[in-house]
Amino acid sequence: MYTPSHQPNQHPDRTTPMVEHLRRSPATRGLIYIMTVMVYMYVISRSIKRTTSYRGVKVHALGLPFTIALTYMLVRLTPEERMQQPYMPTREDIPRLLQGMGLGTAAFLTYMSMLKAKGWGELSGWGWEETSPAAVGESLVVNGLGDLAVACNEELVFRGYGFDTLRQAYGTGPAATFMIALFALIHRWTWLSFVGHSAAGLALTVMRLRTGTIWMSVGYHWFWNYIQLGVFGAADLAPSVRPLRVHGPRRWTGRPGHPDPGLLSMCIHLSVALAFGLSWWRQQRRKR
């Protein structure tokens, strides 16, 4: 009987040392991922004129496909992540997304009620009384889709793959601290913006830790932005259903619709972070 002799591997492993290092080092994967996305987003933002309508959401709408593709490429480097596909939404994630949308809406309505209670804000009629119904409809659609792109893009980086790789390398606390600070710094370089966006980043991060998925954070982020742009938008921005006029102290009110949070919104985000943080802490204790 013929027994075939041993044949050398016809398809030797051609993995380069760089790829092998990426597979072994979550810190390297995370830092390369974060820096690459940030550079790409910067290039896009510089290529779109500041006077362009809906500029912010257009930047993220153009950037999101790149972020998704880069995430997919890096996830496929490691067998565990490739098998899990951790950021693909599942049927179980739909209720979390809807819950996040409800929480984001409730959070911004709480902010509005605080403005009203202090006499710092008021609704100025209906949007189509100041412009055309078609313009209001366009704003609802563009901001709805655009704010979803913003939320998916930023959550995928700051609470998704970027956070998870640094968490593997350095632990939950250091990774969360770094990503929250970076999330705040990319919005605006002022102390009030840093504090306000850090509070929002903390709420979103603890939400991610408690649920084990990015999708509740996506929903919260999406509708916090969408309600203050498409529904109760600032009078100096794109048309909205019920324009909101704010005339209180800027330190407290911030500027809704702009990357300028105030102390009121900071308190709301910190309250959300506290509630989810306590729930996550209890969850961790039960696992021990």
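The values are calculated or read from the model by the stated rules, or taken from the named source; none is laboratory data. From a predicted model like this one, the values you see are computed outputs, not experimental measurements. All Cβ positions, even for glycine, are placed from backbone atoms using ideal geometry, and neighbour counts span all protein chains on display.
Data overview
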| item | result |
| --- | --- |
| Boolean, Ser139 is surrounded by 22 or more Cβ atoms within 10 Å (Cβ to Cβ) and either assigned to a helix (DSSP H, G or I) or free of Cβ contacts under 8 Å to residues at least 60 places away in the same chain (or both) | yes |
| Members of segment 188-216 found to be more than 25 Å from Tyr42 (Cβ to Cβ), touching a residue at least 60 places away in the same chain (Cβ under 8 Å) and of a type in the set (Gly, Ala, Ser), listed by number | Ala203 |
| In segment 209-261, residue modelled with the lowest pLDDT [restricted to those that are within 18 Å of Ala107 (Cα to Cα) and in contact with a Lys or Arg (Cβ under 6 Å, 6 or more places away or on another chain)] | Pro259 |
| Within segment 1-81, helices (runs of 4 or more DSSP H) holding 3 or more residues that are under 22 Å from Val218 (Cβ atoms) and modelled with pLDDT under 80 | none |
